[in-house]
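Since the structure comes first, as structure tokens, the remarks are kept for the end.
FYI, it's all coordinate maths here, none of it is from the lab. Keep in mind that what you see is a predicted model, and the values were worked out from it rather than measured. With ideal geometry, Cβ positions are generated from the backbone for all residues, glycine too; neighbour counts draw on all protein chains shown.
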């Protein structure tokens, strides 16, 4: 048996400042961090993958303004382990002030500087329009840390015809990083991601 015990997933705390990061992150051992554009569906993914209603879903992009911290339990046979998940503020949202955007950027930069060695970063992108300019900027910034990094392409259910799906599959084959094509909204194609994530967590 190998599974995420979704009933036991919990929201633990919210981190809004550099001081809080410095105080909290040294307490965390192994974790994953979810990152992506502000409208890519991270909250929907968290609810689909870890537990319904764990993350607040909003129709207004940019609502995640701080680092949200969750814990989740994983069971492999008779062994159960607890891990941490960080939901990072979405980048690329235009309708915020320069001051607020600078605060988000500083918070994210501090997170990466402090915690990149013990964390698997899971980068959500839109399957309909992957590698937008702000995605590329984030990847370029992130490469300096040499951290473990997976890509998830969300909203594959929006690829309506066979030609679009075939084109996307061919594109996915060109990627060097581990990647997954899912629909968080429809809860599609999550099984392989769950299995691979459990294997990763138990081996590292």
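In which sequence would 10, 143, 37, 103 go, from the one with the fewest C-beta neighbours within 10 Å to the one with the most? Show your work: numbers first, answer last.
Details: 10 13, 143 10, 37 22, 103 18.
Exposure proxy ranking, most exposed first: 143, 10, 103, 37.
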* Structure fact -> Inter-part gap, Cα centre of segment 150-204 to Cα centre of segment 112-131, in whole angstrom, is 14 Å
* For segment 68-204, what percent of Cα pairs sit more than 20 Å apart? -> 55 percent
* **Gaussian network model of the chain, Cα within-10 Å springs - most flexible of 147, 179, 137** => 137
* Structure fact -> Final fewest-first order of 1, 151 on the 10 Å Cβ neighbour count is 1, 151
* Asked: Assuming R0 = 41 Å, what is the FRET efficiency of residue 19 and residue 192, from their Cβ-Cβ distance, to the nearest 0.05?
  -> 0.55
* 222 nm mean residue ellipticity, helices alone, for the chain (DSSP H n ≥ 4; -39,500 (n - 2.57); rounded to 500) -> -10000 deg cm²/dmol
* To do: At 0.36 nm per residue, minus the direct Cα-Cα distance, what do residue 131 and residue 5 gain on full extension? Give it in nm, one decimal, please.
  => 42.1 nm
